[in-house]
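Have a look at the structure below, then the notes.
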Amino acid sequence: MKKFFRLAVNFMAVALMAVATFSLAACEDIKKVELKLSIYNYSDSTFYAEDDVKFTVELYRHLAPKTVDKVLEHVKAGYYDNAIFYKETGYSSQIMMGDLKFEDGELKQNLINGKLPSEIYGEFEHNGTTGSNLVSEKGSIGIWRSYYASDDSYKTSSAARDSGRATWYIPTSSISGYNDYFCIFAQYDTEDTANSTAISAISDIFSNSDYYTEYVIYYTGEYDVDKPDENHGLTFHAVLKEDWDDADTGYDADAKTYNGETVFEAEGDVLVCYNYKTVRIPKPVNGETGAKVKTATAK
């Protein structure tokens, strides 16, 4: 009986150690990032209290280790601090954050020492990774990527699957066409009051033309495949959409020029992220955009 008792005790001890080890591993695999946001309530002409829109996300390293490690690296380096939330007009069901800032009254590209964040391996099923295939829906956060001009859809864009860098896309509804073709590396609790308030407040801005300003982002120069972290040799520009559309001085669609310079347009095996596009950014308030990340902190 004593022998049986000792065996039972030893078994329980081993089981408890296994549970503790598993729990520790799980904690190590799930990382938290807290975003302190600055969001303006245009209808009330006041900023939301910081605690009311504090945005907390969980990053799943066990599902997408390369992506999560890179995102955490950028968080610790302050890359996301002062990054703005925006929308591309061609993508109605997602909010974007990471690659744009608004400083000194100008829309600017977010860089690290004058260069883009490095490209990362696309961790999703159709790029050969299993286990990271969470779906693109409200509550999820993915890494945005590009595709090649020679492809007619994301589903056939195999050669550009590693073009993601540091930009987050945050679905505001289900985007089933993205599933297995983009890396969902994080989620947030949609029932959390502060998270819900933040997403709703940002979404409201982009649903009312009185609250946002439209810019056209375009590039000029020659595409250089050997300079991936320097816009592939291209130069970033951002102008107000009203200037772009000006009948006399705006974009010349026939000549494909603006201000006398040829506007880049991707062809063949060239990333289309450098094609001109229209983005909506929250209207500035006292010189600052109405929705941005003040600080991002890894917990």
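The values are calculated or read from the model by the stated rules, or taken from the named source; none is laboratory data. Everything numeric in this text was worked out from a predicted model, so none of it was measured. For neighbour counting, all protein chains shown are included, and Cβ atoms are generated from backbone atoms with ideal geometry for every residue, glycine included.
Candidates 155, 138: the one that is surrounded by fewer than 19 Cβ atoms within 10 Å (Cβ to Cβ), out of contact with any Lys or Arg (no Cβ under 8 Å at 6 or more places or on another chain) and at pLDDT 95 or above is 138.
Of all residues in the stretch 278-291, one or more are of a type outside the set (D, E, K, R), closer than 12 Å to residue 218 by Cβ and either assigned to a loop (DSSP other than H, G, I, E, B) or in contact (Cβ under 8 Å) with a residue 24 or more places away in the chain (or both). Each residue in the stretch 49-108 was checked for being in contact with a helix residue (DSSP H, G or I) (Cβ under 7 Å, 6 or more places away or on another chain) and among the β-branched types (Val, Ile, Thr), and 3 pass. Exactly one residue among 55, 102 is within 19 Å of residue 194 (Cα to Cα) and buried (at least 16 other Cβ atoms within 10 Å of the Cβ), and that residue is 55. Per the listing 220, 278, the residue uniquely more than 22 Å from residue 166 (Cα to Cα) and touching a strand residue (DSSP E or B) at 6+ places or on another chain (Cβ under 7 Å) is 220. Looking for something of a type in the set (D, E, K, R) and within 23 Å of residue 279 (Cβ to Cβ) - is there at least one such residue anywhere in the stretch 157-167? Scanning the stretch 157-167, I find at least one residue that is of a type in the set (D, E, K, R) and within 23 Å of residue 279 (Cβ to Cβ), so the answer is yes. Elements of the type strands (runs of 3 or more DSSP E) sitting completely within the stretch 160-264 and holding at least 1 residues that are more than 19 Å from residue 39 (Cβ to Cβ): these cover 183-187, 212-220, 235-240. Of the residues that sit in the stretch 252-275 and are in contact (Cβ under 8 Å) with a residue 12 or more places away in the chain and β-branched (Val, Ile, Thr), which one is farthest from residue 160 (Cα to Cα)? So the residue we want is 262.
When only residues in the stretch 265-294 that are over 19 Å from residue 107 (Cα atoms) and not β-branched (Val, Ile, Thr) count, which is surrounded by the fewest Cβ atoms within 10 Å (Cβ to Cβ)? Explain how you work it out, then say what you get.
First, the residues of the stretch 265-294 that are over 19 Å from residue 107 (Cα atoms): 265-272.
Narrowing further to those that are not β-branched (Val, Ile, Thr): 265-269, 271.
Working: 265: 14, 266: 19, 267: 11, 268: 8, 269: 12, 271: 21.
Result: 268.
Given the criterion touching an Asp or Glu at 6+ places or on another chain (Cβ under 9 Å), surrounded by fewer than 16 Cβ atoms within 10 Å (Cβ to Cβ) and touching a residue at least 24 places away in the same chain (Cβ under 8 Å), identify the matching residue among 220, 249, 297. On inspection, the qualifying residue turns out to be 297. Here residue 259 meets each of (1) exposed (fewer than 15 other Cβ atoms within 10 Å of the Cβ); (2) in contact with a Lys or Arg (Cβ under 8 Å, 6 or more places away or on another chain) with one exception, condition (2).
Residues of the stretch 186-199 include at least one that is β-branched (Val, Ile, Thr) and surrounded by 14 or more Cβ atoms within 10 Å (Cβ to Cβ). Among the conditions (1) among the basic types (Lys, Arg); (2) under 25 Å from residue 290 (Cα atoms); (3) outside any strand (DSSP E or B), residue 145 misses just one, which is (2).
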